[in-house]
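Engineer: Take this structure first; my questions come after.
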Amino acid sequence: SAKDKGRNSFEFFNDQLSEGMHENLMLESALRMAVERNELVLHYQPLVSFNDFTVVGVEALIRWQHPIQGLIPPYKFIPLAEETGIIGDIGLWVLREACRQMVEWDKAGLNVARASVNISVQQIETGLLPKQVESVLKETGLAAERLYLELTESTIMQDPQQASLAMTEFQKMGVKLAVDDFGTGYSSMAYLKRLPLDRLKIDRSFIKDIGADTNDEVICKAIVQLAKSLGLETVAEGVEEESQAEFLKGLGCDVAQGYLYSKPVPALELTASWKKK
Ligand code: C2E
Ligand code: MG
Ligand code: MG
Ligand code: MG
């Protein structure tokens, strides 16, 4: 009967729900252990100048080297890390590891000018980040000017006053600031003007159809012009084709990041390819 069916589908829904919660709990405890067991790794993707196509920096991107499941991409665990607060520990680890790696490259005679690290909104909310950054820089000996922190528009707009306070602290230390995935969120132009920003990263969604979608081309042009008038550097994310690079260079975009130049790779792989040159 319909009544039976109704009950069955309710129970089915219930089962699914508890299974999902169970999975999340398992993932959560596995993630907590991953931090302690050193299963998290950073891969690095070069950023390339449109002027002379030399590497001007790298972005640190987290992966989870799971003993059974292999390499897990960030979209599969960063959201849970953010919901559960584990992102605090993970974020601090990322910061420390990226700065440590930079100093290691320095010692090996490889000059990687700058490293970028992604910051989650929860790291801004706790108010702990400026002090943590300060102590990691001191501890590792990396010059503040060589560290970029990447914040999305939604991270900034979540609590603009808190974000602004933190950003002012970073500016005082000499740490650089970038808006990540620019164009996909809602930033207020008033904040863009007022915040101590150094660079805008044009989201990949506007880059991927250059050559096919004139709307995207117009948007890229507008973003580069906006950035220029505000005195900010522009980085194009997700450049995969030569034609996209040519178009962006023609607009006066400063820096490229994308598979056309390199995918994110383990530190050792970058070290090896640089040594060969
Ligand atoms: P994001 O910060 O915008 O990083 C750029 C993403 O675009 C990376 O994905 C990178 O691998 C990918 N990408 C770069 N060039 C290309 C390209 O030419 N084509 C395509 N299809 N993709 C390209 P990934 O490494 O999977 O990271 C995804 C997101 O996860 C990051 O986006 C960032 O939001 C987040 N994330 C990564 N590492 C961290 C971290 O340490 N902390 C936090 N809070 N978030 C992180
Ligand atoms: Mg980023
Ligand atoms: Mg991005
Ligand atoms: Mg992103």
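The values are calculated or read from the model by the stated rules, or taken from the named source; none is laboratory data. Small disclaimer: the values here were computed from a predicted structure and weren't measured. Every residue, glycine as well, gets a Cβ built from its backbone with ideal geometry; the counts of neighbours run over all protein chains shown. Accessible surface is based on the protein model in full, side chains and every heavy atom, while ligands, DNA and RNA are left aside. Shrake-Rupley method; radii C 1.70, N 1.55, O 1.52, S 1.80 Å.
Engineer: Listed residues LEU151, LEU147; which is among the hydrophobic types (A, V, I, L, M, F, W, C), surrounded by 15 or more Cβ atoms within 10 Å (Cβ to Cβ), within 15 Å of ligand 4 (Cβ to nearest atom) and at pLDDT 95 or above? It would help to see each step written out before you state the result.
Structural biologist: Values: LEU147 fails: within 15 Å of ligand 4 (Cβ to nearest atom).
When all the criteria are applied, what remains is LEU151.
Engineer: Is it the case that region 171-188 has a residue that's modelled with pLDDT under 95, more than 19 Å from the chain's Cα centre (by Cα) and more than 16 Å from ligand 4 (Cβ to nearest atom)?
Structural biologist: Yes - at least one qualifying residue is present in region 171-188.
Engineer: Inspect all residues belonging to region 245-252 and state whether any of them is out of contact with any Pro (no Cβ under 7 Å at 6 or more places or on another chain), assigned to a loop (DSSP other than H, G, I, E, B) and within 16 Å of ligand 2 (Cβ to nearest atom). Don't jump to the end; show me each part of the working.
Structural biologist: So the first thing to find is which residues in region 245-252 are out of contact with any Pro (no Cβ under 7 Å at 6 or more places or on another chain), and the list is 245-252.
Imposing the further condition that a residue be assigned to a loop (DSSP other than H, G, I, E, B) reduces the set to 252.
Still in the list and also within 16 Å of ligand 2 (Cβ to nearest atom): none.
Within region 245-252, none of the residues are out of contact with any Pro (no Cβ under 7 Å at 6 or more places or on another chain), assigned to a loop (DSSP other than H, G, I, E, B) and within 16 Å of ligand 2 (Cβ to nearest atom).
Engineer: Considering each of SER229, SER262, SER273, SER243 in turn, give the residue that is among the small types (Gly, Ala, Ser), at pLDDT 95 or above and loosely packed, with under 15 Cβ neighbours inside 10 Å. Give the steps one after another, and end with the answer.
Structural biologist: Values: SER229 fails: at pLDDT 95 or above; SER262 fails: loosely packed, with under 15 Cβ neighbours inside 10 Å; SER273 fails: at pLDDT 95 or above.
None of the others qualify; the one that does is SER243.
Engineer: Test ALA178 against the criterion of being in contact with a helix residue (DSSP H, G or I) (Cβ under 8 Å, 6 or more places away or on another chain), within 14 Å of ligand 2 (Cβ to nearest atom) and not charged (D, E, K, R), and give yes or no.
Structural biologist: On the way: in contact with a helix residue (DSSP H, G or I) (Cβ under 8 Å, 6 or more places away or on another chain): no; within 14 Å of ligand 2 (Cβ to nearest atom): yes; not charged (D, E, K, R): yes.
For ALA178, the condition - in contact with a helix residue (DSSP H, G or I) (Cβ under 8 Å, 6 or more places away or on another chain), within 14 Å of ligand 2 (Cβ to nearest atom) and not charged (D, E, K, R) - is not met.
Engineer: Another one. Scan region 65-77 and report the pairs whose first residue is within 15 Å of ARG37 (Cα to Cα) and whose second residue is open to solvent by 100 Å² or more (accessible area, probe 1.4 Å), with Cβ atoms within less than 9 Å and a gap of 6+ or a chain change.
Structural biologist: GLN65/ASN38; PRO67/ARG37
Engineer: While we're here: Could you grab the pairs with beta carbons closer than 7 Å, sequence gap of 6+ or different chains, first residue in region 26-45 and within 18 Å of ALA115 (Cα to Cα), second one of a type in the set (Lys, Arg)?
Structural biologist: Qualifying pairs under 7 Å: VAL41/ARG63; HIS43/ARG63; GLN45/LYS263.
Engineer: State whether the residues of region 183-200 include one that is within 16 Å of ligand 3 (Cβ to nearest atom), under 16 Å from GLU237 (Cβ atoms) and in a helix (DSSP H, G or I).
Structural biologist: Checked region 183-200: no residue is within 16 Å of ligand 3 (Cβ to nearest atom), under 16 Å from GLU237 (Cβ atoms) and in a helix (DSSP H, G or I).
Engineer: Any idea which of (1) assigned to a helix (DSSP H, G or I); (2) within 14 Å of ligand 2 (Cβ to nearest atom); (3) touching a Leu at 6+ places or on another chain (Cβ under 9 Å) is the one SER154 doesn't satisfy?
Structural biologist: Every condition holds for SER154 apart from (3).
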